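Everything below concerns the one structure shown next.
Every number here is computed from the coordinates shown, using simple stated rules; none is lab data. Not measured: the values here are computed from a predicted model. FYI the Cβ positions are ideal-geometry reconstructions off the backbone, even for glycines, and counts take in every protein chain you see.
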Amino acid sequence: MRRAAVIAFAALACACSEPAQNAEPALTAEATPALTGREAVYEAARGTPEAFVRALYASYAHPEAPLPAGRDPLYSRTMNALIGLDSRQRRILSVDPICQCPPGSTDVALQSVSIADEQPTTARAQVAFTQGGETRAQTLSLIKEGPLWRIEDVQPEGGRSVSEKLMASVD
């Protein structure tokens, strides 16, 4: 009886140590597809302001159809309201505020990002990027709404902020 129990135990141990013939391979970091475009930005928005900004500019390499004006989750509620109002009235905003370039541009590359004045729910990101071979600099004002970082305003170097331009056009 004891001998039969030892043999059964040994057979069970061998069966457990052999890989199953039809088993699915375990997902590894290499097998899991990396997020790109907006999905990567949304995921990064849950992290640090710097991760959010880096993913934001990296998303230009994977263009997607634009969302309706005033309904883009990358912007704060206030900025979305201003953009939505502008799209229905004056159309002051004729370029993508993040890159100051035509919508759908793919030749945007982040050169540097520096986070300043970081608080639990606000931060400023000073960025330098190239678009169409031209280097540009601007400051993104960020706000944390719920668990996500969002763009509250964009201040191009040497120019008026996007929210100032949009507010000036409100009747």
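Worth pointing out:
- Neighbour-count ranking [beta-carbon atoms within 10 angstrom, fewest first] of MET167, MET79: MET167, MET79
- Local net charge near PRO120, Cβ-Cβ under 13 Å (Lys/Arg +1, Asp/Glu -1): -2
- Inter-label distance for MET167 and ARG46, nm, one decimal - labels placed 7 Å from Cα along Cα-to-Cβ: 3.3 nm
- If the segment from THR106 to ALA137 were pulled out straight at 0.36 nm per residue, it would be longer than the present Cα-Cα gap by 9.4 nm.
- With 0.36 nm allotted per residue and the present C-alpha distance subtracted, the ALA65-ARG77 stretch has 2.3 nm of extension available.
- Scattering profile of the stretch 34-168 at q = 0.14, 0.15, 0.19 Å⁻¹ [log10 I(q)/I(0), Debye over alpha-carbon scatterers]: -0.58, -0.68, -1.16
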